[in-house]
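Data first, discussion second: the structure below is written as structure tokens.
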Amino acid sequence: MDDTYQGFEFEGNGTLEKIETFTTKNGKEILTLIVRTGGQYPQLVPVKILGRLAGEAGEWKVGNELRIKGRLGGRDWNGKVYGENVASSVAVLSKGSAKKEPEQGKLGNDDNVPF
């Protein structure tokens, strides 16, 4: 973790379900990994990938078991708080048995989302 960041941090394992790409109004692409947790009540967890970490995306395939470390954050916009999970590191623990290529979702610009 970045020593200059003070706040909430997370660390966990999950299976990569999907990679989504969002293009901001100024043309910047933000990747979001959709990761399924295990256990009796599995969850789908979205994790944003920013900056230099996006360059490693070619290593991540649907079905891979990932170990993700990051920070929890959020922003206030027009009186609403939007939470976000941002990865600081992603490691492939094991290669999955996905029978298809990684699914790349393409999200359009949404004027109702501030970031």
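We did not get these values from a lab; they are worked out from the coordinates using the rules stated. Bear in mind the structure is a predicted one, so any value in this text is a computation, not a measurement. Quick reminder, even Gly has a Cβ in these numbers, built from the backbone with ideal geometry, and neighbours come from all protein chains shown.
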What list of ³J(HN,Hα) values in whole Hz, one per residue of the range 48-59 in order, does the Karplus curve 6.51 cos²θ - 1.76 cosθ + 1.60 (θ = phi - 60°) give from phi, with Gly and Pro shown as x?
6, 10, 10, x, 4, 5, 4, x, 8, 4, x, 7
Two pseudo-spin positions, 7 Å from Cα along C-beta at Asn78 and at Gln6, lie apart in nanometres by 3.3
Grab the eigenvalues of the alpha-carbon gyration tensor for the range 8-98, scale each by 5, take roots, and send me the semi-axes largest first in whole angstrom.
23, 17, 12
Reachable lysines from Lys95, Cα under 18 Å, same-chain residues fewer than 8 places away excluded?
Lys18, Lys61
Order by protection proxy (mean Cβ within 10 Å, highest first), peptides 63-71, 23-31
63-71, 23-31
Everything considered on the Cα gyration tensor (a ≥ b ≥ c; rounded for a/c under 1.5, else prolate if a/b is larger than b/c, else oblate), the range 33-85 must be described as oblate
